[in-house]
Every structure is written in C-alpha cells, then in structure tokens.
Amino acid sequence: MMLATVNIFFINICIIFLVSTFAFYLLRDRLPIQPDSMISTRLYFGFANGITGILLMHHAIDLNGALIDLRLLPLALSALFGGNISITVTGLMLLIYRFLIDNGDSINALLSSVMTLLGFLMLSFICRRFITRQGYFFTAIVTVGSLLVLWRLITSNSPVDAWRTIYIPYFVLTIGGAFLFYRLSLLLQQHFVLYSYQSYLASTDQLTRLANRHVILEKVTTLEKNRASWGVILFDLDHFKSVNDTHGHAGGDAVLRHFSIVLNEHCPAPITVGRYGGEEFIVIIPDCDLYEPIHLAETIVAAVQQTPFVMQDHAVSITVSAGIAYAHHQPAETVFKQADIALYEAKTQGRNQYRLYQS
C-alpha cells in the first residue's frame, strides 16, 4: 500500500514537471512571470496550471479509501507568479472538470469547491498584501490551503484512525510536493531566463543592440530558400576615423549608438537592421514593393544629416553614405558585393548620398 502511494505521488511530480517545463518553454520570451505581466501571459499561465491541476485530479492518491490530489499546488503557483487572473483561470478549469466528472450530480460539492476558490482568492490577496518574499508567500498559501483542506476532511465522514491513515499522510505529501514544485518552478524560470539572455547575446551586437552579422546571414538564408526577391542597403558613416581621433573611442561608440537609433526609427518591423562590422550597417528589406529601398536610403541619409549628434555640449555633424542592391535570385554574397560597390561609388562621389548598383 505504501509503495503504491509513493508511486502515484511521483507520477504526480512527473506530471507537474512535464507540464511546467512545457509552459515555461512557451513563455521563455516573457519570463519572469509576474502578477503585473501582460494579461495574455497570466491567462496562459493560469491555463497551464489548470491543465496541471486536472491531470493531478485524474491521478488522485488513494489514502485508505480517501482520494487526495495535489491540485492545491498549481493554484498556489498561479497565485505566486500570475496573481488573481491566473488563479481565477486555474480555479475555473478545476471547477468545470470537477462538475464534469461528477456528472453535475454533486451540487453541494460544487458549491463547496466554489467557496474554496473564493477563499483561495481572498487568501492570495491577503498574503500578497503583507508578504513580499516569494518563498514565504508560497509557504503561507500552501500551508493555509492545506489546513483548509484538512478541515474539510475532518468535518467529513472519516474513519476513526483518519489522523494516522489520511490526515498526516496528506499533509506530508502536500508539503513535500509543494517544496519540489516551488524549487522546480524557480529553476525552470531561471533556466529559461538565462536561455533567453544567452540567445539575446548570441544574436545582438552589444554596442548598438542591433542584429549582428549571424542574424543577418540567417535572415538572408531564409529569403533565399523561399526564393523571394529582396533588397539590401549598406550604410557607412562618413569620416568616422576622424570622430574617433577627435573624441576618442567612447565618442565613436556614442555616434554608432546614435546612428543605430536613427535606423530603428525609420525601419519598420519587417525590415531587419543590423551592424555589419565597424562603422558599417546593413538593412535587409524583404518586400521591396512595400518598402522601397531607394526611398528608405534617401530618408535615412537625410535624417542623419538633419539630426546632429550632441557630444559634450556641442553638436557634431555626422553624415552617412549608402549603397543599394536588389536580389533577383542571385546568391546573397553577390548581392552584398553589389551593394558594397554602390556604397564605394557613393563614397568616391562626395559622400552623404546613396547609390544604386547598376549592372
């Protein structure tokens, strides 16, 4: 009997681990989850915990004839990370499942579950008002919630030796499961936050916060596989060496960041903006009919000239040259060379202008 109980308990832990890992993975770009996160994030998190709770109810632990489940744990996790929105979603899913498995017959049990959910919402509100540390908050929720469940068990028709056969085992299983669940959730959040940060570092130029060369090449590879027509603009800051010589490398870095901001302001989301190397920047345009590269290059060249960069209380005049090329199913390397040729032409013809590659 003891082995069967332990076996079901660890099945429950495996369910928690599987669903939580999947949920945190899908939300890896929105972590860490907080009670003030986007509503869609809290709704999804509540839904994931609702699925966990339903599976835990389906695999309830039989303690000497009393079916005990660990649905309290996903409710507590929703309270901890997602706040009342997540709790409500999780609780409603559990109520609906309870109603379905009872075939709507046990109205008293359903009303009791509704009151329990409302009590849990109130408990979460009170704890969040007075408890700031996550660990203490989760402990308070689980402890008080477990005591409420125990009270319901005590007031029900229980055998004489219920304390030894049901109550104490339930409390031990709930507290043990809560400790594992809490640690698992923290580790998953930390893992995926670190994963997202490492992914960000691997795909972003650290100085300008633009896409790096690796991301640019990936984008172009995708366009080539789709046999799409696309355009490229290469930008190069004019006389950048003199900026470094006059204002030092810190001043040069500030100018690069300034230009990256100008690029972002004039390039809508479908366009990929990146730092190609040194003072060279690149813009990949996937739809040249919607975003005309010539018009875009002209706008950016003019914007840079009309937006002087202020450094140490005085304005520094900055200009940029641009080379444009269109891809017509030729290799990306060829298109980049063509844009580079056009850029060189803009440089040699006086800078502060753009040129289109002419075959």
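Throughout, read-outs are computed from the coordinates displayed, never taken from laboratory work. The structure presented is a predicted model; accordingly, all values stated were derived computationally and were not measured. Glycine gets a Cβ as well: all are built from the backbone with ideal geometry, and neighbour counts include every protein chain shown.
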Of Ile11, Leu118, Ile61, which is farthest on the positive side of the dipole of the chain, counting Cα position, with +1 on Lys and Arg Cβ, -1 on Asp and Glu Cβ, and the Cα centre as origin?
Ile61
Mind listing P(r) for segment 1-85? All alpha-carbon pairs, 10 Å bins, whole percents.
18, 45, 24, 11, 1
What helices in the chain pass both tests, a Cα length along the helix axis of 20 Å or more and a mean Kyte hydropathy of 0.0 or higher, using whole DSSP H runs?
2-26, 39-58, 83-101, 107-130, 134-155, 168-203
In the P(r) worked out for segment 28-68, what percent of Cα pairs fall beyond 12 Å?
66 percent
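What percentage of all Cα-Cα pairs in the chain are separated by more than 30 Å?
The proportion of pairs with Cα distances above 30 Å equals 55 percent.
Tell me what the chain gives for mean residue ellipticity at 222 nm when only DSSP H runs of n ≥ 4 count, each as -39,500 (n - 2.57), the sum divided by the residue total, rounded to 500 deg cm²/dmol.
Dividing the helical sum by the residues of the chain leaves -21500 deg cm²/dmol.
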Give the total of Lys-Lys pairs in the chain with Cα-Cα distances below 20 Å; include a pair only if its members are 8 or more places apart or on different chains.
4
